[in-house]
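Here the structure is laid out as structure tokens; the discussion comes afterwards.
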Amino acid sequence: MYPYIHDNVRRILKEIPPEVSIVAAAKTRTHDEIMAAVEAGIQRIGENYIQEAATAYDAIGGCVKWHFIGHLQLNKVKKAVEIFDLIETVDSLELAEVIDRQAAVSNKIMPVLIEVNIGRETQKNGVMPEALSELAEAIDTLPNLQLRGLMTMGPYVPAEQLRPYFAETRRLFDQMQQAKLVRTDIRYLSMGMSDSYRVAIEEGANLVRLGTAIFGPRR
Ligand SMILES: *Cc1c(COP(=O)(O)O)cnc(C)c1O
């Protein structure tokens, strides 16, 4: 029904290295569009909104991994812990603690990424780079969370100008892998979107979040 979605996914899967996974950013897309991407080989779906994720999850289910990539409100944590395999956007100890308590209730170890505000933009979510190691150490003590890496958006600039921000995030990621954290398994570096994923991969991303490149322009 959506041959262009199929073609886009096949082309991008061929283009990127095998160790890089695509997270299909599904906001505003119909379940049929998402299914077309899954049938073409997408194994991870990224959702920004809990309600949208809940209906998509009901329609598509556990044959794919579900990533939360939006800003998580404290009152939506319960549903998020139920649905998602990875919450990419933890950026405060308060949020981490709420997720930890909910994960305990749901009897789940919740994998999370820390979102870094690598451009230090006041209007953006994410922890400031200089506060990252303190947050990582705090999360490492929470028994029902498992820290798996970093996510960043970067400033809204052309892809080539994002390169230094991606490189800096990669350095923070390497530092985190070398830090003496005990319960973590630092593997995922989520950066790059439709306009910038090639640059992000060159700078070390192994998760890229693609919406437009898969589904076309958002309506
Ligand atoms: C929408 C979205 C994307 C994908 O954006 P595109 O430019 O359409 O590829 C990636 N990450 C996040 C957090 C998003 O909200």
Extension reserve of the Ala167-Glu121 stretch, reckoned as 0.36 nm per residue once the Cα distance is removed: 14.8 nm
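Once a ≥ b ≥ c are taken as the square roots of the eigenvalues of the Cα gyration tensor of the stretch 10-62, is the result rounded (a/c under 1.5), prolate (a/b larger than b/c) or oblate (a/b not larger than b/c)? Mind dumping the intermediate values first?
Numbers: a/c = 2.35, a/b = 1.92, b/c = 1.22.
The shape class here is prolate.
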Per residue accessible area of the chain, 1.4 Å probe, in Å²: 48
Relative counts (whole %) of C-alpha pair distances in the chain, using bins that are 10 Å wide: 8, 35, 37, 18, 1
Cα pair distances exceeding 21 angstrom across the stretch 16-128, given as percent: 39
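At a Förster radius of 22 Å, what calculated FRET efficiency corresponds to the Cβ-Cβ distance of Ala54 and Leu74, to the nearest 0.05? Could you put the intermediate results ahead of the total?
Details: r = 17 Å, r/R0 = 0.78.
Once rounded, the FRET efficiency stands at 0.80.
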Residue with peak Gaussian network fluctuation, the chain [Cα springs, cutoff 10 Å], from Ile34, Ile60, Ile42: Ile60
For the chain, built as a Gaussian network whose Cα springs stay under 10 Å, the top-fluctuating residue of Leu93, Leu72, Leu113: Leu93
GNM top mover of Gly41, Gly204, Gly126 - the chain, alpha-carbon springs below 10 Å: Gly41
Entries of Lys27/Lys180; Lys14/Lys76; Lys14/Lys79; Lys27/Lys78 with Cα pairs more than 30 Å apart: Lys27/Lys180; Lys14/Lys76; Lys14/Lys79
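Provide the gained length on full extension for the span Lys65 to Val157, in nm with one decimal, where the gain is 0.36 nm per separating residue minus the Cα-Cα distance.
30.2 nm
What percent do you get for the relative contact order of the stretch 62-219 when only Cα pairs under 8 Å and 6+ apart count? Please list the in-between numbers first.
Values: 287 pairs, mean separation 27.1, N = 158.
Relative contact order for the stretch 62-219 comes out at 17 percent.
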Placed amide H near Met151: partners under 5 Å, 5+ positions off or other chain: Ile114, Glu115, Val116, Ser190
The stretch 176-209 and the stretch 1-53: distance between their alpha carbon centers, rounded to Å: 19
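The values are calculated or read from the model by the stated rules, or taken from the named source; none is laboratory data. In this text the structure is predicted, and so the values were computed from the model without any measurement. Virtual Cβ from ideal backbone geometry, glycine too; neighbours counted across all protein chains shown. Accessible surface is based on the protein model in full, side chains and every heavy atom, while ligands, DNA and RNA are left aside. Shrake-Rupley method; radii C 1.70, N 1.55, O 1.52, S 1.80 Å.
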